[in-house]
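The structure appears right after this line, and notes come after that.
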Amino acid sequence: MTSNASTDVVVIGSGFGGAIPAYHLAAGGARVVVLERGPWLSSEEFDHDFKLGSSYTRIFDFTVGDGMSVLGGNCVGGGSVVYFATMPRAPRFIFERQGSIGRRMWPAAITRATLDPWYDRVCESLPVTMQSWDKVPYAGGLFAAACAHAGRTANPVPSAVDVDKCTNCNWMMAGCRFDAKRSLLLNYLPAALAHGAEIRPLHEVQHLSRTDDGGYRVHYRVVDAEDYRILHDSGTIDAKIVIVAAGAGATPVILQRSEPTLGTMPTAVGRYFSGNGERLNTAVFDDDRVREVLGLSRPGGKGYDANQIGRGPTVATWDRLDGNLPEYERYSLEQLFFPLGLGTILAQVPDAQPSWFGLAKKDMLRRWQSWLTLFTMSEDDNEGVFGPPPATGNADRISQQMLGRGPLRYRPTANTLRGWAAADADARDILERDGLARVMPWTNDVVGAYTVHPLSSCRIGDDPATSALDDRHELRQHPGIFVTDGSAVPGALTVNPALTIAALAERAVPGIVRAAQERGIDVTYHGSLPDGTVTAVPQVVAG
């Protein structure tokens, strides 16, 4: 069955890049429809379970590429539902990066100073607060103590978590059932609904085409609620403005597939992908040395033995975030709780060959609570390129839920490898000092590099040759199409990117409103913020 509809604005994706403009445009009087390819779950549906069909498999998308795999959200609320809610601002030097193009990557109009007011708005909306040391869980405290022992400075990270509501269940990646994690289900999305926006889950956009009146037609398929490989009804929605916010692994695929019906895409669409320079190290601690060297103890005489007590990243060291250092030698190191499932499959054993399976791996899994995972975010070379798009969606689905193979190709350059090597050395210096732990990088031998923060595949910039979008986030050569998700960020940030993505989306809204007005939409920009008094409750949606 095929259905056709029309509206003022279609927003593709409901993560930070989609929810924020959807709210502001709806609050300003525009008719807004949000299309989300994943399901819509409420807090009580977030399971503490790994079974197929639990929230853990339903709301994630793990896409295996050639040399790079991407883990992201696949649900209403997007990455905000599965993120660890760590929300730092990008360092000032990031906005002056030149990267592989040899000149400033970011638009001249955007600096840390000009973005700070937009950061402030997001921090107020969610809200974002700095965690205090008395609220830091065991893993963060262990990392902080190891950093102090090594002469490094470690600090709690700013977070969009209400720690008074948090139970430290460590299932926050599978969705927070206690509403402690400030996902978009608690602020921008319910506020958009309150202003008349419509959210359609399980609607996967395939491509865009033009309409006779100068607008756009969004073509979608309805995804089966149980088996994401199955697509049901098709439909179209006509709109004067389209905002593409499907994520850095899907936005370029949609635009590439639209080229036969829209016309030539900017050359930067599907190029310059960044994995945010991310890399993981596994540290397996000696509990006796934790007590003897760091003086840490828990009831029962344990030193650490506490990997599953607490929540996601709570402590980071930013010693290498110095603008005077050479590019590609700047990075942050963050304590991370990477939960069971993919974490145990991909983690590798220090000093063992083979490192990722066999008896040594089984022994490490038996000592699961003695682990600490260290997360590197560095400056990569934007070396990812998307090949021809698959027939449907952003990937060829391999399994019923969660897993697919995508068209991304990634080969780390010498610059990227240099940053990873320096970060690995720092991790060993901090955590192996005086026999505290043994450290092993999650090497690329199994599935290649991997990222939970994909960026830059459709980026903003001043140079049409190296950026797909202008500094207003409008797609070059295609007026009325805007991109506001992580794919618009020009390059790696050396910190968690969610707050920067959200701030850029907030900054883009006034320009989108002006473009909508020029296209005859009766909309205004009020600049109000959601007050968080209502929650986005799933609704039955037709078509």
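The values are calculated or read from the model by the stated rules, or taken from the named source; none is laboratory data. Bear in mind the structure is a predicted one, so any value in this text is a computation, not a measurement. A quick note on method: Cβ atoms are made from the backbone with ideal geometry, for glycine too, and the neighbour counts reach across all protein chains shown. Calculation scope for accessible area: heavy atoms of the full protein, side chains included, ligands and nucleic acids excluded. Shrake-Rupley method; radii C 1.70, N 1.55, O 1.52, S 1.80 Å.
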Q. Among the aspartates and glutamates, which fall within straight-line cross-link reach of residue 135, defined as a Cα-Cα distance under 18 Å, with same-chain neighbours fewer than 8 residues apart omitted?
A. 162, 164, 179, 334
Q: For the chain, find the longest principal axis of its Cα atoms and tell me its angle to the long axis of helix 112-125, 0 to 90°, nearest 10.
A: 90
Q. Computed from these coordinates, which is Cα extents along the principal axes in Å: (i) 72, 56, 51; (ii) 86, 65, 53; (iii) 73, 49, 42?
A. (iii)
Q.
Using C-alpha positions alone, give me the convex hull volume of the range 41-188 per residue in cubic angstrom.
A. 176
Q) In degrees from 0 to 90, rounded to the nearest 10, what is the angle of the helix 16-27 Cα long axis to the longest principal axis of the chain? A) 40
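For the full complex of protein chains and a 1.4 angstrom probe, list 325, 408 by accessible area with the highest value first.
The residues order as 325, 408, largest area first.
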Q: Would you mind telling me the share, in percent, of accessible area of the chain contributed by carbon and sulfur at probe 1.4 angstrom?
A: 51
Q. Relative contact order for the chain using alpha-carbon pairs under 8 Å, separation at least 6, rounded to a whole percent?
A. 26
Q. What whole number of Å gives the distance from the Cα centroid of the range 116-132 to the Cα centroid of the range 51-91?
A. 22
Q: Could you work out the Kirkwood radius for the range 250-299, taking every pair of different alpha carbons, averaging 1/r and inverting it, reported in Å?
A: 15.7
Q. Quick one: helix 498-518 against the long Cα principal axis of the chain, what's the angle to the nearest 10°, folded into 0 to 90?
A. 10
Q) Using the Cβ atoms and a cut-off under 13 Å, what net charge is assigned to the surroundings of residue 360, where Lys and Arg are +1 and Asp and Glu are -1? A) +3
Q: Might you tell me the accessible area per residue for the range 257-407, computed with a 1.4 Å probe and given in Å²?
A: 38
Q.
Here is the link list: 165/362; 302/362; 51/362; 165/361; 181/361. Which ones come out longer than 26 Å on Cα distance?
A. 165/362; 165/361; 181/361
Q) Under a plain spin-label model, where a point goes 7 Å from the Cα along Cα-to-Cβ, how far apart in nm are residue 514 and residue 405? A) 4.7
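Taking every DSSP beta bridge that has both residues in the chain, what percent is antiparallel when rounded to the nearest 5?
Counting DSSP beta bridges with both partners in the chain, the antiparallel share is about 65 percent.
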Q. By accessible area of protein heavy atoms, probe 1.4 Å, what ranking do 232, 149 get, highest first?
A. 232, 149
(Q) With every protein chain left in place and a probe of 1.4 Å, what is the accessible surface of residue 105, to the nearest 10 Å²? (A) 10
